[in-house]
Amino acid sequence: MAVLERSRRQTNIETAGDAPATTVRLTIARSDAGAVREFRVALTQPAVVLDALLAGQRLDPSLGFRYSCRVAMCGTCAVRVNGRPTLACQQPITPDTDELLLEPLAGFAVVRDLVVDTSPFWNAWRRVVPWFMPGGPREALPAGDASRAEVERGLDCIACGACWSACDVVVTNAGYLGPAALNRALTLVADERDGARAERLRVAGQQGGVTHCHSILGCTAACPKGLDPSASIRRLRRWSLVA
Amino acid sequence: MPEWPPEWLETDIAIVGSGGAGLMCALHAATADPELKITIVSKGAVGRSGCTRMVQGGFNAALGAEDSLEAHFRDTIEGGQYLNDQELAWTLVCDAPGVIDELETRFGCLFDRTEGGAIDLKPFGGQSFDRTVHRADQTGLEIMGRLRDQVLRIGAHELEDWRALDLLFDVHGELSGLTVLDTQSGHAAVLLARAVVIATGGSATMYRIAAPAREKTGDGMAMCYRAGLPFRDMEMLQFHPTGLVAGDSALTGSVLEEGLRGAGAHLYNRFGERYMERADPIRLERSTRDVVARASYTEIVEGRGTPSGGVLLDISHLGADEIRRRFSGMAARTLLVGADLTTGPVEVSPTAHFHMGGVVIDQDCVTEIDGLLVAGEDAGGTHGANRLGGNGVAESTVYGARAGDTAAALVRDRALYLPDDRLVADSLDQAYAPLRRSTGLTPFELTDRLKHVMWTHCGVVRSRGGLLQAREELSDLASQLTRIAVPGPKEANPAWQQSLDLASQITVARLIVESALEREESRGAHFRSDHPERDDDRWLRAVIAERGPDGNPSIGTRDVEFTRLAPGGRAVACETA
Amino acid sequence: MSALQTAFAAALSVILVLLTAFTTFTVRSAIVARDSAARTGWISRIGRASDRDTQRWAFVAHRTTGVAVFAFLLLHVLDVGLYAISPSWFDDVHTLYSTAALRVFECFLLYAILFHTLNGLRLIALDLVDIRNATARHLLSLCIVVTLLLGTAAAVVILWPVAT
Ligand SMILES: Cc1cc2nc3c(=O)[nH]c(=O)nc-3n(C[C@H](O)[C@H](O)[C@H](O)COP(=O)(O)OP(=O)(O)OC[C@H]3O[C@@H](n4cnc5c(N)ncnc54)[C@H](O)[C@@H]3O)c2cc1C
Ligand code: FES
């Protein structure tokens, strides 16, 4: 099988220093028949998986992958690195790395190469009624407030889909809402400014909801933002039992 | 390869871009008239592309007890060195508190509050009062997350991962919509619309070291330019002083937040000299963005920078625990690139950040073309020569909301016009051309060259000689565009998309270079080494650029109107608009 | 072997075959779903902290041990129920339990019961108290260690008569 190589340093940053280059062998899951799967790229330190992809793209411009922000904010660069879902822009490639296997996220249909169709994720997200609805018992939550603390625990999700890819229930049970959507539901259910608590608890408690979680904690282990969706689900489970 | 005829779609309002401006626009239009058909065209993921999402610092609004609209306005104008369109700036400060309220009470944003329950306001550079609303250091994430979910509520039609190509007009020149391209499937379509709102977030990406998200390649500006709209202040491009230097890594250019300097970080060159003592002996590192960026840049180009082209930012004297507590995100970011903010200096460089210049609009986002509105970073004038931290996301949400209101009213009596077939054919031919050519250049080398040219000749410090050279290089690059060939299929092919990005970037780069040549003084973000002084006698004028009859930029100037505040601080009128 | 003993052995074999099939299916879907690194025999270099995955394998183990215990329980209800019909039938079938093969089977059953019980308690604890991911992982290690210790101790007792 052909291996494309890139040893010359020709990215858009010209560094005067002579940082040593690490040569990494990439195996990339490609979807086009006959597309090259093996790349050998030379990377200078520091490097992240996204740099390896960009270097691979110089060798084969048709390589398909996504990214936008480079700083763990947009959530579009998620791929599986050596089988584990993670953000390409945040996964460092250490100097002693010599091989990497890059694959698209699991649990989604592949559009091309590393690009996947995330619509199942968003359909689930939509089902939990993810938008804030005014009308709750309180107007504002001051610092140190208990309700605020509950909500904040679940904020800052970037909807990258890593948890979806890591969830063993989602891949076998198409109706399951999945960790991210339920985590979003939690941030609203816990929010005393919100007026639709009952409805969301109903959605979370019914078929496809919190009862399907097996506490595998794959989502929590995978979350690149350090959130704990599994804990959110367990909280929702308690609340929906009481409700 | 373009399928012919392309798919035809129809809508009342077509919104191009799904950052703060685009989504606020959709929500406001839907509130004004829930029956409206709204289509959001977004090159990246809806609500997850662009820079509003990346805002860390926060959102300026005069909410403090002692603060006032006048004070916010004065800070904005002084920050902008009197180049601002004062009506736009005044509208910004007047609307900002209302938008914060709307974001909180209608859309659910959870901004930080004090124990007493008031919105927590943090200090930011160049402001006379603490007025920056935030949610920890993830403000943009909170705002965009909530707006995105509200957009699910209104059920707007989303063309996610579709890029806008060109504006379309009928044979009499009436705006009829735009051509759009699905970057995932590679299919094109004609989107007919009664009103089009451009909110693609401008472009500061054509620099070697740059901070913005990758979609922001000036597509909206280039579309408006080709349609003949005038631009102002295009030379005003802000460099953030502390962009991360991470060698060849794509992380280079990402921003280390301003708060570090505010908290007492020092800047050193490679000889350990604290060069801000020379550049601004009074404010030192806490000086404004333009001054610090220029000082660092000078150190670097004069050979006093580090071997990899940076200077050193050191805040370790605060102590590791304190740094980890206050700047955990920043500490993590430096760890990722093998440095450590908590224990020693980190390499930084100025990084291209924000474009103050843009399309000329009025307070309702109206342009010279009937049916075409522009909002957010694509528009110019609000910030003058320099933007205050925290006024950017305020601008995108305030003006996005206004664009939505205007559009909803506008489409009530604006018809749909059928586009001129020739325009459709030209637009699609151009878009598919790189894919059809079998041999030629890849877009990567040309993009590298563009970024290099802009960085060296039209960056933090400019001169006539350099700018003339940049002009040459850019026209050469523009001529190479027709030689780009991209292998691979039309589905999800980033190299093809990059070749389309490049065309827009070059168009906008030319506007920047031509405007920078025109302004023979130094003001705000624009510094000319051959005209290093601010010249209020000659240059309280906006540089206006538009497409000339030969297709090249034609440059003129226009007096700035001091409708509310004249230089020297004399208030002309400050009544509520 | 009597007809009853044959029937019992056959039923047990069917259970074992079904269980093997079920285990193969669960493990395979777990691998295919996510860990293609394992599928390709690929040794992970990056996430060397592969204990991040232990809880996911615990899920697979919990399911298969659950099915195993349940299936055996069904059979066991039947063979014990024989006593109601005829105590001699009961004795007949139950002599099988002292054979070496069934003793080995019992050892595995014991491991399965121990793991399923302890892990089940861990999951209940997880549901009741807010336990962090790392703690949950440590608890899992504890479950495994206790399973192995108790199981092995009991295995010695069970196998002793046939081993000596
Ligand atoms: C790293 C960073 C930090 C910042 N921090 C702050 C801060 O703390 N405070 C502050 O006030 N401001 C800050 N800003 C500035 C602020 O983010 C911007 O001023 C503002 O967000 C611009 O909003 P927008 O809606 O105009 O564009 P964006 O939010 O950038 O959105 C642009 C949208 O246009 C889409 N698009 C682009 N091209 C096309 C096309 N051809 N077709 C269809 N869609 C297209 C993109 O996909 C994207 O959705 C920061 C900017 C950056 C880069
Ligand atoms: S590129 Fe945005 S999260 Fe990685």
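The values are calculated or read from the model by the stated rules, or taken from the named source; none is laboratory data. Bear in mind the structure is a predicted one, so any value in this text is a computation, not a measurement. Ideal geometry is used to build each Cβ from the backbone, glycine not excepted, and the neighbour counts take in all protein chains shown. Surface areas here come from the heavy atoms of the whole protein model, side chains and all, with no ligands, DNA or RNA. Shrake-Rupley method; radii C 1.70, N 1.55, O 1.52, S 1.80 Å.
General observations
- Residues in the stretch A:207-243 that are in contact with a helix residue (DSSP H, G or I) (Cβ under 6 Å, 6 or more places away or on another chain) and of a type in the set (S, T, N, Q): A:Ser215, A:Thr220, A:Ser230, A:Ser232, A:Ser240.
- Selection from the stretch B:99-140 of residues that are touching a Ser or Thr at 6+ places or on another chain (Cβ under 8 Å), within 11 Å of chain A (Cβ to nearest Cβ) and open to solvent by 10 Å² or more (accessible area, probe 1.4 Å): B:Asp120
- Residues that are on the phi < 0 side of the Ramachandran plot, touching a strand residue (DSSP E or B) at 6+ places or on another chain (Cβ under 9 Å) and not charged (D, E, K, R) do occur in the stretch A:188-198, at least one of them.
- Residue list for the stretch B:52-67, restricted to those being assigned to a loop (DSSP other than H, G, I, E, B) and either within 14 Å of chain A (Cβ to nearest Cβ) or more than 15 Å from ligand 1 (Cβ to nearest atom) (or both): B:Val55, B:Gln56, B:Gly57, B:Leu63, B:Gly64, B:Ala65, B:Glu66, B:Asp67
- Tabulated pairs, the stretch B:280-305, first closer than 13 Å to B:His240 by Cβ, second among the hydroxyl-bearing types (Ser, Thr, Tyr) and open to solvent by less than 40 Å² (accessible area, probe 1.4 Å), C-beta under 7 angstrom, 6+ apart or interchain: B:Ser296/B:Ser349
- Listing of helices (runs of 4 or more DSSP H) fully contained in the stretch B:224-340 that carry 1 or more residues being under 30 Å from A:Asp96 (Cβ atoms) and in contact with a Lys or Arg (Cβ under 9 Å, 6 or more places away or on another chain): B:328-336
- Of the listed requirements (1) over 17 Å from A:Val128 (Cβ atoms); (2) of a type outside the set (Lys, Arg); (3) assigned to a helix (DSSP H, G or I); (4) away from chain C (no Cβ under 14 Å), A:Leu241 misses just one: (4).
- Total residues in the stretch B:36-47, condition open to solvent by less than 20 Å² (accessible area, probe 1.4 Å) and either assigned to a loop (DSSP other than H, G, I, E, B) or more than 16 Å from ligand 2 (Cβ to nearest atom) (or both): 8
- Scan of the stretch B:251-301 for residues that are surrounded by fewer than 17 Cβ atoms within 10 Å (Cβ to Cβ) and within 14 Å of another protein chain (Cβ to nearest Cβ), ordered by number: B:Arg270, B:Val301
- Matching option when the condition is within 16 Å of ligand 2 (Cβ to nearest atom) and not assigned by TED's automatic domain parsing to the domain that holds A:Ala190, among A:Cys157, A:Cys163, A:Cys77: A:Cys77
- Residues of the stretch A:137-174 classified as assigned to a helix (DSSP H, G or I), touching a residue at least 12 places away in the same chain (Cβ under 8 Å) and within 7 Å of another protein chain (Cβ to nearest Cβ), total: 5
- Exactly one residue among B:Ala156, B:Ala118, B:Ala96 is in contact (Cβ under 8 Å) with a residue 60 or more places away in the chain and more than 22 Å from the chain's Cα centre (by Cα), and that residue is B:Ala156.
- The set of residues in the stretch A:114-136 that are open to solvent by less than 40 Å² (accessible area, probe 1.4 Å) and facing chain B (nearest Cβ under 7 Å) comprises A:Val115, A:Pro130, A:Phe132.
- Scanning the stretch B:210-228 for residues that are out of contact with any helix residue (DSSP H, G or I) (no Cβ under 6 Å at 6 or more places or on another chain), buried (at least 24 other Cβ atoms within 10 Å of the Cβ) and within 14 Å of another protein chain (Cβ to nearest Cβ) gives B:Ala210, B:Ala211, B:Pro212, B:Ala213, B:Glu215, B:Lys216.
- If you filter the stretch A:38-50 down to residues that are touching a Cys at 6+ places or on another chain (Cβ under 9 Å) and at the interface with chain B (Cβ under 7 Å from one of its Cβ atoms), you find that the one that is surrounded by the fewest Cβ atoms within 10 Å (Cβ to Cβ) is A:Leu50.
- Residues of the stretch B:191-205 that are part of a strand (DSSP E or B) and either on the phi > 0 side of the Ramachandran plot or surrounded by fewer than 24 Cβ atoms within 10 Å (Cβ to Cβ) (or both): B:Leu192 alone.
- A:Ala106 vs. criteria open to solvent by 10 Å² or more (accessible area, probe 1.4 Å), more than 15 Å from ligand 2 (Cβ to nearest atom) and among the small types (Gly, Ala, Ser): no
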